[in-house]
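Undergrad: First the structure, then my questions, so here it is.
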Amino acid sequence: LLSSHITAMKISISTALISLIASLSTPADAFVLHRGKQPLSIKALSFASSSTFETPSSHNNNVNNNFSFGKTALKSGEAIDYPMDGSCDPFDPESSEYCTTDATEIDGSMNRTLRLTGLFALWYVLNIGYNIGNKSVLNALPLPWTAATIELFFGFPYVAFLWASGLRKAPKLSFDNVKTLSSQAFFLAATHVAGVISFGAGAISFTHILKATEPVWSAIILAVGFKEFLPLPVYLSLVPIMGGVGLASLKELSFTWLSFTAGTISAVTSATKAILSKRVLDGKPIGENLTPANMFAVLTILGFLFILPASLLIEGPAKISAAYAASLAAGHTRGELLRLLGSSGFLYYLYNEVAFLALSEVAPVTHAVANTVKRVVIIIASVLVFRNPVSKLGAIGSAIAILGAMGYSLAKSKCKPKAD
């Protein structure tokens, strides 16, 4: 009965999503990539907008071929530039390394506030829907590699329709461009499949606590791999993350080593992907029409191709057939399983699409708070739906870790060097 209600809820959400995104998106969500001082105009991130903006770069005055990433300011149409100089990641809106907007350049109009409120609400609903749907799939059909592969695949028909219909300009990439992006695609796929494995082996809440350790791994990778060290306040903000995760792990009632290991790997690969987004692409022209949304689409498609062979090797036809037969014997129907897999994949892609719209024009504090609230909402929803027991100390540790992740984002943005 619970699975039927969840499936019906996800189908109802999915059928209304495209029209909701279209109504909430405006030409203000346009993005502009600048090379040197000459802008390359790109269609809006939202497929609902067909307007094209060309605005001069206001900060990138260096005479070089580096790209800077900007978006159109809501109030005056001026470009707000995000530097592609290794200081932030413009292609993962949920990352703590994401390029946010200076608070002084944000229009505080009521229209913008209402639109962003709607987008944030939709983003939270899609996140909850995906997490619950994904766990429902794994409960009914315990094949995490297969589920992760199918979820990555679902982005392809979605963006293929947008590109073929002209609702969004298709990216144009050379073989060298694809090779440049391959490392990011690999780590995106690794992040996703490790997260799904962790979801299947433990509680959703525990996986999200482990994912909150991404800033810790980012700091370690930067220090060890790039000899780049962060300011002391940023390092101090990592202490509550590590302490909170340690406490939550010790008192996690549904603890499994597989969930812990996979969740940790997901955090490590996510941190690696964010760093590569800032450094691998630095100063490199990457094709045409590669907006952040198109970048995510390309990485998702490449990621699917990366994990497909591993998925077939680890969970081949024989294992899939056995799990499918066991699921049918447990009372699930073929149609139910297909709906669960389909809606989970669709929601995975759409919540990332909406994340770009919701987080592309907010200040660092708003971004940090929004991501914190997202984790809390998902954890509460999963506990209510799946009745996972949570100890008092485990809840305290989770709260400390999540607040520590927010503190890291705030400390990093405050210590960020000012642009000349």
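The values are calculated or read from the model by the stated rules, or taken from the named source; none is laboratory data. Keep in mind that this is a model prediction, so the values were computed, not measured. Here Cβ is always computed from backbone atoms with ideal geometry, including for glycine, and neighbour counts include all displayed protein chains. Surface areas here come from the heavy atoms of the whole protein model, side chains and all, with no ligands, DNA or RNA. Shrake-Rupley method; radii C 1.70, N 1.55, O 1.52, S 1.80 Å.
Undergrad: Under a plain spin-label model, where a point goes 7 Å from the Cα along Cα-to-Cβ, how far apart in nm are L253 and L308?
TA: The answer from the label model is 4.3 nm.
Undergrad: Measuring with a 1.4 Å probe in the full set of protein chains, what accessible area per residue, in whole Å², belongs to the range 166-317?
TA: On the way: 6010 Å² over 152 residues.
About 40 Å² of surface per residue is accessible.
Undergrad: Follow-up. Applying 1/(1 + (r/R0)^6) with R0 = 41 Å to the Cβ-Cβ distance of K414 and A329, what FRET efficiency is obtained, to the nearest 0.05?
TA: 0.15
Undergrad: Something else about it: Report the local net charge at A140: Lys and Arg +1, Asp and Glu -1, summed over other residues whose C-beta lies under 13 Å from its C-beta. It would help to have the intermediate numbers written out before the result.
TA: Details: positive: K135, R334, R339; negative: E336.
Every neighbour counted, the sum reads +2.
Undergrad: So which of K227/K251; K135/K392; K211/K392 end up more than 25 Å apart, counting from Cα to Cα?
TA: Cα-Cα > 25 Å for K227/K251; rest within.
Undergrad: Continuing with the same structure: Between rounded, prolate and oblate, where does the range 194-249 land on the alpha carbon gyration tensor, with a ≥ b ≥ c its root eigenvalues, rounded for a/c under 1.5, else prolate if a/b exceeds b/c?
TA: Oblate is the answer for the range 194-249, as a/c is 1.5 or above yet b/c matches or exceeds a/b.
Undergrad: Next question. For the modelled label position 7 Å from the Cα of L232 along Cα-to-Cβ, which residues of the range 398-414 have backbone nitrogen atoms closer than 11 Å?
TA: It comes to no residues whatsoever.
Undergrad: What shape does the range 276-348 have by the C-alpha gyration tensor, where a ≥ b ≥ c are the square roots of the eigenvalues, rounded means a/c under 1.5, and otherwise prolate means a/b greater than b/c and oblate the rest?
TA: In terms of gyration-tensor shape, prolate.
Undergrad: Summing Lys, Arg as +1 and Asp, Glu as -1, what charge do residues with Cβ under 12 Å from the Cβ of W123 carry, W123 excluded?
TA: -1
Undergrad: Same structure again: Using the charge dipole of the range 263-420 (Lys, Arg: +1 at Cβ; Asp, Glu: -1 at Cβ; taken about the Cα centre), state which of A326, L305, I265 has its Cα farthest towards the positive end.
TA: The listed residue farthest towards the positive side: I265.
Undergrad: Could you let me know the centre-to-centre spacing of the range 262-324 and the range 339-418, using Cα atoms, in angstrom?
TA: 20 Å
Undergrad: Continuing with the same structure: Does the range 279-420 come out rounded, prolate or oblate, given a ≥ b ≥ c as the square roots of the eigenvalues of its C-alpha gyration tensor, rounded meaning a/c under 1.5 and, failing that, prolate meaning a/b above b/c?
TA: Oblate, since a/c reaches 1.5 and b/c is not below a/b.
Undergrad: What accessible surface, in Å², does a 1.4 Å probe find on F226, ignoring ligands, DNA and RNA and rounding to the nearest 10?
TA: 90 Å²
Undergrad: Sticking with this one: Rolling a 1.4 angstrom probe over the protein chains, ignoring ligands and nucleic acids, what is the accessible area of V159 in square angstrom, nearest 10?
TA: 0 Å²
Undergrad: Over the range 109-202, what relative contact order in percent results from Cα pairs under 8 Å that are six or more residues apart? The partial results should precede the final answer.
TA: Working: 29 pairs, mean separation 40.8, N = 94.
After rounding, I find 43 percent.
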